[in-house]
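Encoded as structure tokens, the structure appears first; notes follow it.
The values are calculated or read from the model by the stated rules, or taken from the named source; none is laboratory data. In this text the structure is predicted, and so the values were computed from the model without any measurement. Here the Cβ positions follow ideal geometry from the backbone for every residue, glycine too, while neighbour counts run over all protein chains shown. For the accessible areas, the whole protein counts, side chains as well, though only heavy atoms, and no ligand, DNA or RNA atoms are used. Shrake-Rupley method; radii C 1.70, N 1.55, O 1.52, S 1.80 Å.
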Amino acid sequence: MEELKVAVRYFSKSGNTKKLADVIAKTSGCKAEKMPAPLNDYVDVLFLGASVYWGGISSEVKKYIKTLDKSKVGRVVVFSTSALAERALPQVKKCLQERKIKVDSKSFYCRGEFTALHKGRPNSDDLRAAAKFAKQVLEGK
């Protein structure tokens, strides 16, 4: 069986989403790169990390999605953090679908630390769960 080509791109103001990106990249055998690092070659799976700030994904994520070439992406798997709001998946999925880019039904989410809220998150349990999630995605589970 041919090995999947994988990339990890993320946007993180506080470092919470970066922590997930790093562990997902390590599990996937690639390097996590900050947006707007381009995809120069085709990837089977693009893990796309975003955070929710005040109820919305950042404009940087929206701009990045507009740069994606659908012919270079097999599917996108979304991962995200937030302190208060829900997952970034619905907003990211909408932006990707507008570009006719396939979005995986599976996504990963955990709380992120913000001021006094959720101290220490993502924690070691969250990072282990993110690694397990990435492995399951790559194994097709």
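Numbers at a glance
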item: Volume in Å³ per residue [convex hull over Cα atoms, computed for the stretch 1-96]; result: 93 Å³
item: Potential extension, T67-K132 segment - 0.36 nm per residue separation minus Cα distance; result: 20.5 nm
item: Spin-label pair E3/S105, simplified geometry with 7 Å Cα→Cβ offset, distance in nm; result: 3.0 nm
item: In degrees, nearest ten, helix 89-98 long axis to first principal axis of the chain (Cα); result: 30 degrees
item: Ranking by accessible area, most exposed first, for E3, E60 with a 1.4 Å probe; result: E3, E60
item: With all protein chains modelled, accessible area of R128 [1.4 Å, Å²]; result: 140 Å²
item: Surface per residue (accessible, 1.4 Å probe) for the stretch 10-61, Å²; result: 47 Å²
item: The stretch 124-141 - phi-based ³J(HN,Hα) in whole Hz, Karplus 6.51/-1.76/1.60, Gly and Pro as x; result: 4, 5, 4, 5, 5, 5, 5, 5, 4, 4, 4, 4, 5, 4, 5, 8, x, 9
item: Restraint check, K26/K94; K72/K141; K13/K34; K62/K93; K63/K94; K19/K102, Cα-Cα greater than 18 Å; result: K26/K94; K72/K141; K19/K102
item: Accessible-area composition of the chain, carbon plus sulfur, in percent [1.4 Å probe]; result: 52 percent
item: With DNA, RNA and ligands ignored, accessible area of Y42 (1.4 Å probe; Å², nearest 10); result: 100 Å²
item: The chain, relative contact order [Cα under 8 Å, separation at least 6], %; result: 24 percent
item: Solvent exposure ordering (accessible area, 1.4 Å, most first) of S58, S105, S124; result: S105, S124, S58
item: Accessible area (Å², 1.4 Å probe, nearest 10) - D41; result: 110 Å²
